[in-house]
Amino acid sequence: MKKRKMLLLHPLLAFLLVILCISCKGGQHELYFINKSEDVIYVGFNFTKEFAEADIIYDRRGGQTKIEKGDTCIYTAWPSTWESRFKRGPYMHFHVFPRNTYDYDSDEEASANKLMHYQFTQEDLEKMNWTIVYKP
């Protein structure tokens, strides 16, 4: 019985090793968003194909991340990479809010109260070493 369990374990280990090797191939897995303001902020992001598509209205379905003053949020693309995520669209948008967007009555009201909107291409983020600093 012990021998049979070992035979079943080998394919599983091989599969996990392959997954590990694939995920370790080049590419950026982490993106840093630093809150250098004196306030708590909420940050949401999305990808678009058009330049101004996400500039007007933020779709709250994506959710947001609460970032305390002075803290850094690490967004992880694992098991893929941020480069592969840019296949969704060439522009990555970050929207900064003073409070959770679900506290607003609508996407329009939340968007009207946005503190900041950032738009980056993959090349922009590579030049910034995948680090975004918010300081009003």
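Every number here is computed from the coordinates shown, using simple stated rules; none is lab data. Keep in mind that this is a model prediction, so the values were computed, not measured. Glycine also receives a Cβ, built like all others from the backbone with ideal geometry; neighbour counts cover every protein chain displayed.
Structural remarks
- Taking the C-alpha atoms of segment 51-136, convex hull volume expressed per residue in Å³: 113
- Cβ-Cβ distance of Val133 and Val40, R₀ of 22 Å, FRET efficiency by 1/(1 + (r/R0)^6): the value works out to about 0.85.
- Sequence-distant aspartates and glutamates (8 or more away, or on other chains) whose Cα lies within less than 13 Å of Lys49: none
- Spacing of the two label points (7 Å from each Cα toward its C-beta) at Leu115 and Glu68, in nm: 1.5
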